[in-house]
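All remarks here apply to the structure that follows.
The values are calculated or read from the model by the stated rules, or taken from the named source; none is laboratory data. Small disclaimer: the values here were computed from a predicted structure and weren't measured. So basically every Cβ, Gly included, is an ideal-geometry build from the backbone, and we count neighbours across all protein chains shown. Please note that ligands, DNA and RNA were not included when accessible areas were found on the heavy atoms of the full protein model with its side chains. Shrake-Rupley method; radii C 1.70, N 1.55, O 1.52, S 1.80 Å.
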Amino acid sequence: MSTAENIAKILLNIKAVTLNTDTPYTWNTGLKSPIYCDNRLLMSHPKERKEVVEGYKQLIRENNIEFDVIAGTATAGIAWAAYLAYDLGKPMVFVRANPKDYGLAKKVEGRMERGARVLIVEDLISTGRSSLASATACREEYNANIVAVLSIFTYEMNKSKSAFQEANIPLHSLSNFSTLVNIATQEQYLSSSQKESAMSWSQNPEEWSKTRGGV
């Protein structure tokens with residue numbers, strides 16, 4: 001079994017991911033979606049949590065990623081950055097979604113050398129906006145070199161793929177939407193028709209959402 005399949009099974013088994021094509025979920029953007037992913041639940045499962053950290057380490061080895069500092073995106077990426085930094089004995093920072101409105105008004109909490117090689121750790125990639133905003137903050141405050149972004153899961157949206165390519169930042173994810181839908185179908189979480197509907201969302205989320213009353 002591949003890492004992507006194993007992580008997909010974990011997410012389904014602990015109900016960190018739920019799927020419903022008939023009564024879709026509404027994201028905070030108003031987008032209707034057949035999937036809801038809450039990777040925060042992994043923190044409550046020590047065995048599965050360890051498998052995610054080991055998966056991150058495998059991605060680092062396989063892609064020959066060299067870095068000085070691990071940066072966690074606020075808020076969901078902070079715990080995973082901390083687990084990984086502790087395991088590897090690396091310095092860590094975290095990046096706020098918005099700068100503090102008092103004191104030094106920093107976005108990057110912690111410390112790194114100017115020009116440091118930074119590995120950003122995220123839990124979930126939808127549009128990629130939060131990860132790329134974290135990259136921008138590290139560059140602006142420390143002239144950092146962003147070597148890659150790691151995530152547990154990606155929805156594989158074309159919008160995120162284009163955004164990472166445009167930013168020239170590699171993205172490596174432990175699992176992804178298409179793998180999860182295949183596993184969910186094999187394990188009878190989804191019927192074949194529901195699988196087809198879910199995959200059509202992946203190809204055009206906005207159109208899929210509009211036909212179901214979303215944005």
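Matching residues to (1) at pLDDT below 95; (2) within 19 Å of PHE67 (Cα to Cα); (3) surrounded by fewer than 23 Cβ atoms within 10 Å (Cβ to Cβ):
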| position | (1), (2), (3) |
| --- | --- |
| VAL147 | no, yes, yes |
| SER151 | no, yes, no |
| LYS159 | yes, no, yes |
| ALA163 | no, no, yes |
| GLU166 | no, no, yes |
| ILE169 | no, yes, yes |
| HIS172 | no, yes, yes |
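Among the residues making up region 153-180, those that are out of contact with any Asp or Glu (no Cβ under 8 Å at 6 or more places or on another chain), closer than 14 Å to LEU59 by Cα and of a type in the set (A, V, I, L, M, F, W, C) are LEU171, LEU174. One residue stands out in region 57-96 among those that are open to solvent by less than 50 Å² (accessible area, probe 1.4 Å) and among the aromatic types (Phe, Trp, Tyr): the one that is farthest from SER130 (Cα to Cα), namely PHE67. Is it the case that some residue within region 117-126 is more than 19 Å from the chain's Cα centre (by Cα), crowded, with 20+ Cβ neighbours inside 10 Å and within 19 Å of TYR25 (Cα to Cα)? No, region 117-126 contains no residue that is more than 19 Å from the chain's Cα centre (by Cα), crowded, with 20+ Cβ neighbours inside 10 Å and within 19 Å of TYR25 (Cα to Cα). When you check ARG129 against the structure, is it at pLDDT below 95, closer than 18 Å to ALA97 by Cα, surrounded by fewer than 22 Cβ atoms within 10 Å (Cβ to Cβ) and charged (D, E, K, R), yes or no? So ARG129 passes the test. Here GLY89 meets the list (1) under 24 Å from GLU156 (Cβ atoms); (2) among the small types (Gly, Ala, Ser); (3) out of contact with any Asp or Glu (no Cβ under 7 Å at 6 or more places or on another chain) almost entirely, failing just condition (1). Here ALA16 fulfils each of the conditions (1) closer than 22 Å to SER175 by Cα; (2) open to solvent by 40 Å² or more (accessible area, probe 1.4 Å) apart from (2). Scanning region 138-162 for residues that are assigned to a helix (DSSP H, G or I), within 20 Å of ALA74 (Cβ to Cβ) and more than 15 Å from the chain's Cα centre (by Cα) yields CYS138, ARG139, GLU140, GLU141, TYR142.
Can we say ASN39 is out of contact with any His (no Cβ under 6 Å at 6 or more places or on another chain), exposed (fewer than 15 other Cβ atoms within 10 Å of the Cβ) and among the polar types (S, T, N, Q)? So ASN39 fails the test. Evaluation of SER134 against the conditions (1) among the polar types (S, T, N, Q); (2) open to solvent by 10 Å² or more (accessible area, probe 1.4 Å); (3) closer than 21 Å to ILE60 by Cα shows that the sole unmet condition is (2).
Pull up region 185-214, narrow it to residues that are more than 16 Å from LYS32 (Cα to Cα) and of a type in the set (S, T, N, Q), then point me to the one that is surrounded by the most Cβ atoms within 10 Å (Cβ to Cβ). Taking the candidates together, the pick is THR185. When region 42-68 is filtered for residues that are touching a Lys or Arg at 6+ places or on another chain (Cβ under 7 Å) and part of a helix (DSSP H, G or I), the ones remaining, listed by number, are LEU42, MET43.
Once region 19-36 is narrowed to residues that are among the aliphatic types (A, V, I, L, M) and not in a loop (DSSP other than H, G, I, E, B), the residue that is least open to solvent (accessible area, probe 1.4 Å) is ILE35.
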